[in-house]
Amino acid sequence: MMDYRQVLQQLSFLPDLYLVGGAVRDILLGETPEDLDFATSAPPEVVMRLAKAQGLEAIPTGLEHGTVTILIDHHPYEVTTFRRDVETYGRKARVAWGQSIEEDLARRDFTIGAIAMDAAGRVIDPYGGQQDLEAGVLRAVGDPAQRFREDYLRVIRAGRFAARYGFEIEPRTLQAARAAAPEVLSHVAIERVTAEFDKAFQNGTPSRFLRYLYDLEILQRLIPEFEDTHLLLQNPRWHPEGDVLTHVLQVVDRAPPPYRWHALLHDIGKKDTARWRPEGWYSFYGHERVGAGLIPRIARDLRLPNHLRDELVVTTALHMVPVFTKPTPAAIRKFQAQAGPHLPALRALYEADGAGRRSKESWKFFEPQPVPVQPVLLGRHLIERGHKPGKVFSRMLKAAYDWQLDSGETDIEALYRVALRALEREA
C-alpha cells in the first residue's frame, strides 16, 4: 500500500480532501495506519466524475452514504462526502451532505478518531483528540450519552480502543457507557458484536476489553455461563490467580491471537460443574466435557464460523487430558487421534492455560509420533478382500483402528486379522 502522503497527492484533484479517522490517530501515535479513509466536500457523483477524468477507476460502493471507492495501483481507497446527521436512531442515521470537515468530524464517536489531516500535513482537531492521545484518555465527542444513543456499538468499541491502546476511559464517557449497556444487544446485530471480539483479539491486552464487557454485564448476556464466574474460587495450588474469570482472562492474554476464542471458552463448563469444598474453593470435575457440550449453542448464538466451532469443541473437550493422563504411547496416540488437525490449536491453548506450570512429561502428548495416528487399514483394503460397506464393515474398521492406537500395530495384514475377529463376533 502507498504511503498516505502519496495517496493524498494522488487524490489532490478532489476539493477539500482530508485523511480522516483511525489512520490519522495511528499516524499521530507513530504507527503505520492499516486503512486509509478520506473525506471531501465533493458529492459522490462529482467524485466519480473527477476520478474518471484522472483515468482512475471509481466504484460506487456506498452512494447512499456518500462513499466512492477509488482504485490507485489496484488498491482501494474509500472517499466519503462530508456528512452531517439529520436524525439518528440506534445503529442508523439519516444524513445530509455537510459543508465542512469540522461538521463531518462532529459525527465521530471518540475524540481520538475525530481528527483529520490535509495534504500539507495540517491537522484538524476540533475536539482535542491529540491532547487525549497524549494523556492516554478515551473520550466521547460531545455528549457521550448522545454518542452512544446514536450507535450502541460504540459502547463495545470504547472497551476495544481502551484495551488496544492501554487508555483509560474518561469518567463521563464510562458512566454513559454503563447507562447504555443494557440496550446494546437489543440494537446491535450479533455479527457486529462478534466482529469487535475478533478485532480485540488481534492486539493489545484483550483481557481489558473482556473485563470491561463483564463489568458492564454485556459479556454474561452474550454467554450466560460467565455469570458470577468472578466468585468461583479455584484450588490455589493450581490457580494462584484466584477466581475462574481472572484465570480465563489471563489465558486469553497469553494465547496467540488465532487461539483467543479457544482461551475464552476453554473453561466455559466450570460454572455448571462448580462444587464447593471445605478447603475454601470449588472443584470442577468434568468441566471440559460439559464445556464441550455447550460450545455448539454458544457458537450458534455468536454466529461463529463452523470450522471454528468444530475446533472449539475439540480443544475444550481435550485440554485437560495431558494434565491427568500418564503419557504412555497408547494414550498419546489416542489423544492425537482425537485432536486430529486441531492439535496445534490444542497445544497453544495448553501452553496458555498452564502459565509455565505444566509438567515436562505432559508435553509428550504433543510430540510427533513414530507410529501414525491415522487409520492404516482403510475401507478400500476391506473392499479388495471382498467385504461390502455397511454397519459391520464400519465396525471392522473401528476394531482395527482401536487396536492400532492401543498396540501401535501398523501391519495391514495384522490389522485385517483384528477386523476379521470383529466380524466373527458379529456372526
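The values are calculated or read from the model by the stated rules, or taken from the named source; none is laboratory data. Treat the numbers as computed from the prediction; the structure is a model and nothing was measured. When we count neighbours, we look across all protein chains shown, and the Cβ atoms used for this are built from the backbone with ideal geometry, even at glycine.
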Q: Could you check how many residues of the range 292-318 are free of Cβ contacts under 8 Å to residues at least 40 places away in the same chain and part of a helix (DSSP H, G or I)?
A: 15
Q: Determine whether the range 27-45 contains at least one residue that is free of Cβ contacts under 8 Å to residues at least 24 places away in the same chain, assigned to a strand (DSSP E or B), in the same structural domain as Ala119 (by TED's automatic domain parsing) and over 16 Å from Leu11 (Cα atoms).
A: no
Q: Look through the range 166-205, keep the residues that are crowded, with 21+ Cβ neighbours inside 10 Å and in contact with a Lys or Arg (Cβ under 6 Å, 6 or more places away or on another chain), and return whichever of them is nearest to Arg149 (Cα to Cα).
A: Thr173
Q: Inspect all residues belonging to the range 9-16 and state whether any of them is of a type outside the set (A, V, I, L, M, F, W, C) and at pLDDT below 90.
A: no
Q: Might you check whether a residue that is more than 19 Å from Leu219 (Cα to Cα) and assigned to a helix (DSSP H, G or I) occurs anywhere in the range 280-287?
A: yes
Q) Are any of the residues in the range 217-238 closer than 22 Å to Leu343 by Cα, surrounded by fewer than 20 Cβ atoms within 10 Å (Cβ to Cβ) and free of Cβ contacts under 8 Å to residues at least 12 places away in the same chain? A) no
Q | Flag if Ala96 is at pLDDT below 95, under 24 Å from Gly62 (Cβ atoms), in contact with a Ser or Thr (Cβ under 6 Å, 6 or more places away or on another chain) and not in a helix (DSSP H, G or I) | A | no
**Q.** Test result for Val371, surrounded by 18 or more Cβ atoms within 10 Å (Cβ to Cβ), over 30 Å from Asp253 (Cβ atoms) and free of Cβ contacts under 8 Å to residues at least 60 places away in the same chain
**A.** no
Q.
The conditions are (1) out of contact with any helix residue (DSSP H, G or I) (no Cβ under 6 Å at 6 or more places or on another chain); (2) at pLDDT 95 or above; (3) within 30 Å of Tyr350 (Cβ to Cβ), and Glu170 fails exactly one of them. Which is it?
A. (3)
**Q.** Pairs where the first residue, in the range 345-358, is assigned by TED's automatic domain parsing to the domain that holds Trp261 and at pLDDT 95 or above and the second is of a type in the set (Val, Ile, Thr) and surrounded by fewer than 18 Cβ atoms within 10 Å (Cβ to Cβ), C-beta under 8 Å, 6+ apart
**A.** none
Q. Among the residues of the range 220-236 satisfying the criterion of being within 21 Å of the chain's Cα centre (by Cα) and aliphatic (A, V, I, L, M), which is nearest to Arg275 (Cα to Cα)?
A. Ile223
